[in-house]
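The values are calculated or read from the model by the stated rules, or taken from the named source; none is laboratory data. For clarity, every value in this text was computed on a predicted model and none was experimentally measured. Counting neighbours? That spans all protein chains shown, and the Cβs are built from the backbone with ideal geometry, glycine included.
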Amino acid sequence: MMTFQKCASLYLELNEDEWKPSYFDKNRRIINKRFDEFQNMNIKDIRASHIKLWYKKIDTVGNKSKRNYLSVLKGILDVALEDEIIDKNPMVHVALPKYHAPRIKPFTSDDVQRILKGAEDYNFNLVYLLAMGFFTGMRTGEILALKRADIDFEKRVIHIRSTISRFGDVKPKTFGSIRDIPIIDTLYPYIVKMFERENDNYMMTTQYGNPYHDTHIFCNYWWKPLLIKLGIEYRRPYNMRHTFATNMLYKQLCTPLELSQYLGHSNTRMIYDVYVSYIEGHFTSFKTDIMLYA
């Protein structure tokens, strides 16, 4: 008998060499934590009704996570289908939940100025990290992984070739994430100042000369207290990326297609669904904002 658990283990084994370590770990954790009621079932006995009843009971996460769970479940059942253990994947009768583009709340240009100024009370590594986030839209892992060799002062371009996570310095999450981003005028002085430091390889290092492996100290020890001190509503550091995107579009410094490339997206759908629609709905507030992006 082929149990669900055996099929799930086979699914992971077959894909281990194809997936990035972080993606493998994510799917392994989903299998270990989310499919308890299927574990000992004969894979042949799993019906669409079983899946729908299981799905109805998930109420602790949003639709994006639910879609991930169903995607993994489909992959496991596809293994059984390909091995002709089952005749049809019951997932064909299970509709994926709708996923709506996230609501964003970017920082104003005044907020950005105050945050960057306030960060000077901590250290320049924090100032640099925030400037890179606000003025490039890079993910924090990409900022931590940035090396001196990735900075092209002549062409005023940043080459993004890797990201840092708990799995080490690895290639970015998708092919599109390997990209180039322009160094806008506002950002240039921050990069110059960091580049003048005596770091051998990585742009930003700890006091011991090693790269940061995560943003824990930045987010938990500096970011939150800084926003509280400034009286600015708390938002995740990821909102720096939203701030960059909305400002670049509003100031007409790039097209939606160019922005999707700067952010490492595979297409422009999210640009229109999230950022263009946000600007259209908040046009008045942008008109009174302070010019920071140039």
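Some notes on this structure:
- Screening Gln113 with (1) assigned by TED's automatic domain parsing to the domain that holds Trp223; (2) among the polar types (S, T, N, Q); (3) more than 19 Å from Leu230 (Cβ to Cβ) gives one miss only, at (3).
- Within region 27-41, if we keep just the residues that are touching a residue at least 24 places away in the same chain (Cβ under 8 Å) and surrounded by 12 or more Cβ atoms within 10 Å (Cβ to Cβ), the residue that is farthest from Gly168 (Cα to Cα) turns out to be Met41.
- Checked against the criterion of being surrounded by 14 or more Cβ atoms within 10 Å (Cβ to Cβ), in contact with a strand residue (DSSP E or B) (Cβ under 8 Å, 6 or more places away or on another chain) and in a loop (DSSP other than H, G, I, E, B), region 81-92 has no qualifying residue.
- Filter pass, Ile115 being buried (at least 20 other Cβ atoms within 10 Å of the Cβ) and in a strand (DSSP E or B): no
- Test: residue in region 123-134 that is closer than 13 Å to Gly264 by Cα, modelled with pLDDT of 95 or more and not acidic (Asp, Glu): no
- Meets criteria (farther than 26 Å from Phe167 by Cα and in a helix (DSSP H, G or I)) for Glu13: no
- Scoring Thr205 on the criteria (1) out of contact with any strand residue (DSSP E or B) (no Cβ under 9 Å at 6 or more places or on another chain); (2) without any contact (Cβ under 8 Å) to a residue 40 or more places away in the chain; (3) at negative phi leaves a single failure, condition (1).
- Qualifying residue in region 105-126 (condition: under 16 Å from the mean Cα position of the chain (by Cα) and among the hydrophobic types (A, V, I, L, M, F, W, C)): no
- Out of Lys66, Lys74, sole residue that is under 23 Å from the mean Cα position of the chain (by Cα) and either part of a helix (DSSP H, G or I) or in the same structural domain as Phe244 (by TED's automatic domain parsing) (or both): Lys66
- All positions within region 227-282 that are touching a helix residue (DSSP H, G or I) at 6+ places or on another chain (Cβ under 8 Å), over 26 Å from Ile178 (Cβ atoms) and surrounded by fewer than 16 Cβ atoms within 10 Å (Cβ to Cβ): Lys229, Leu230, Glu233, Tyr234
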